[in-house]
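Accompanying notes for the structure given below.
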Amino acid sequence: MDFKYSGIILNKKDVSEADRIYTILTLEAGKIRVLGKGVRRPNAKLAGYLEPLTYAEIFVAKGKGMGKITSSIVIDNLPGLKADLDSLSNIFYSFGILEKIISEQEEDRAVFCLLLEYLQSAEKISAQAADKYKKDILMIGFLFKLLAEAGYRFEVEKCVLCGKKLKPEKNYFSAAQGGILCVNCAEGERRKIVIENESIKFIRIFLKNKIENLVKLSADRKNTRNLQAVMKEFLDWVVK
């Protein structure tokens, strides 16, 4: 039986002498793993249409076991991203996180559309020759939205323990508690990191806006580094 998928190719892995296994996030079936039979042979044309970071229509024949790719039609090759080292680093880091938190063969159109919107927005920023911090902020915003969509949304409006509205003072982030702690509640928490007031504002913007609107955001080195530290702490807890 043949199936057609709209998919974003996340990665590939060489197997046997001439084959590859591809991991693809699809609109119709979520994350799937399929076989590219003979794509590593010198005269194989299909491999060029199956490079990671490609949005394509992918045709898969399914019988017993893993499906086999029969053909692929590229919808968007995202050439700007593939030529931008800073963007490439961010994109493949994001792909790695997505693969860890998204189960196989579970349709989630919201996640697919979120990833596609991120890639298209990152392509736009690359075309504008934006600075690295702008690219980093877009990636961080995408990851916060991805985690929220996957059920890992944390509290950023009030203290997660006492429930009081956060004040513009020294606040802390605790992944274990699932949000931000005021200075008083943070005293009894062993594992926590300082979260700057500007970082709290950024996270609120990330969660309330579409990805395409995040391309307008700019941040300095201090804000970007603090947001990266908060995200790393959060990811260490989510994917531990």
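Observations, loosely collected:
Per-residue answers, yes or no, for (1) without any contact (Cβ under 8 Å) to a residue 24 or more places away in the chain; (2) touching a Ser or Thr at 6+ places or on another chain (Cβ under 9 Å); (3) not polar (S, T, N, Q):
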position	(1), (2), (3)
Ile69	no, no, yes
Ser72	no, yes, no
Ser94	no, no, no
Ile101	no, no, yes
Ala110	no, no, yes
Gln128	yes, no, no
Met139	no, yes, yes
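- Within segment 62-85, the set of residues being closer than 22 Å to Phe3 by Cβ and open to solvent by less than 30 Å² (accessible area, probe 1.4 Å) comprises Gly67, Ile69, Ser72.
- Within segment 130-162, the set of residues being of a type in the set (A, V, I, L, M) and in a helix (DSSP H, G or I) comprises Ile137, Leu138, Met139, Ile140, Leu143, Leu146, Leu147, Ala148.
- Qualifying residue in segment 119-129 (condition: in contact with a Phe, Trp or Tyr (Cβ under 9 Å, 6 or more places away or on another chain) and outside any helix (DSSP H, G or I)): no
- Selection status of Phe92, among the aromatic types (Phe, Trp, Tyr), within 29 Å of Ala175 (Cβ to Cβ) and surrounded by fewer than 17 Cβ atoms within 10 Å (Cβ to Cβ): yes
- Annotation: Ser199 fulfils all but one of (1) without any contact (Cβ under 8 Å) to a residue 12 or more places away in the chain; (2) over 21 Å from Leu114 (Cβ atoms); the unmet one is (1).
- Contact annotation: no residue pair with Cβ atoms under 8 Å, 6 or more positions apart or on different chains, pairs a residue in segment 141-166 that is under 14 Å from Cys185 (Cα atoms) with a partner that is among the small types (Gly, Ala, Ser) and open to solvent by 60 Å² or more (accessible area, probe 1.4 Å).
- Evaluation of Met139 against the conditions (1) in contact with a strand residue (DSSP E or B) (Cβ under 8 Å, 6 or more places away or on another chain); (2) closer than 15 Å to Ala229 by Cα; (3) of a type in the set (A, V, I, L, M, F, W, C) shows that the sole unmet condition is (1).
- Among the residues of segment 23-59, those identified as within 24 Å of the chain's Cα centre (by Cα), touching a residue at least 40 places away in the same chain (Cβ under 8 Å) and not in a loop (DSSP other than H, G, I, E, B) are Thr23, Leu25, Thr26, Gly30, Lys31, Ile32, Arg33, Tyr55, Ala56, Glu57, Ile58.
- Number of positions in segment 136-169 that are under 13 Å from the mean Cα position of the chain (by Cα) and open to solvent by less than 60 Å² (accessible area, probe 1.4 Å): 14
- The single condition from (1) open to solvent by 50 Å² or more (accessible area, probe 1.4 Å); (2) among the hydrophobic types (A, V, I, L, M, F, W, C); (3) part of a helix (DSSP H, G or I); (4) free of Cβ contacts under 8 Å to residues at least 40 places away in the same chain that Val183 fails is (3).
- Residue, modelled with the highest pLDDT, within segment 170-180, restricted to residues that are open to solvent by 30 Å² or more (accessible area, probe 1.4 Å) and in contact with a Leu (Cβ under 7 Å, 6 or more places away or on another chain): Tyr172
- Within segment 186-212, tally of residues that are open to solvent by 60 Å² or more (accessible area, probe 1.4 Å), closer than 16 Å to Asp136 by Cα and within 20 Å of the chain's Cα centre (by Cα): 2
- Qualifying residues in segment 40-53 (those that are among the aliphatic types (A, V, I, L, M) and at pLDDT below 95) - the one farthest from Ala110 (Cα to Cα): Ala44
- Inspection of segment 60-74 finds no residue satisfying the criterion of being touching a strand residue (DSSP E or B) at 6+ places or on another chain (Cβ under 8 Å), closer than 25 Å to Asn213 by Cβ and assigned to a strand (DSSP E or B).
The values are calculated or read from the model by the stated rules, or taken from the named source; none is laboratory data. Since we're looking at a predicted model, the values are computed, not measured. Methodologically, a virtual Cβ is constructed for each residue, glycine included, from the backbone with ideal geometry; neighbour enumeration extends over all protein chains shown. When the accessible area is computed, the model is the full protein with side chains, heavy atoms only, and any ligands, DNA or RNA have been set aside. Shrake-Rupley method; radii C 1.70, N 1.55, O 1.52, S 1.80 Å.
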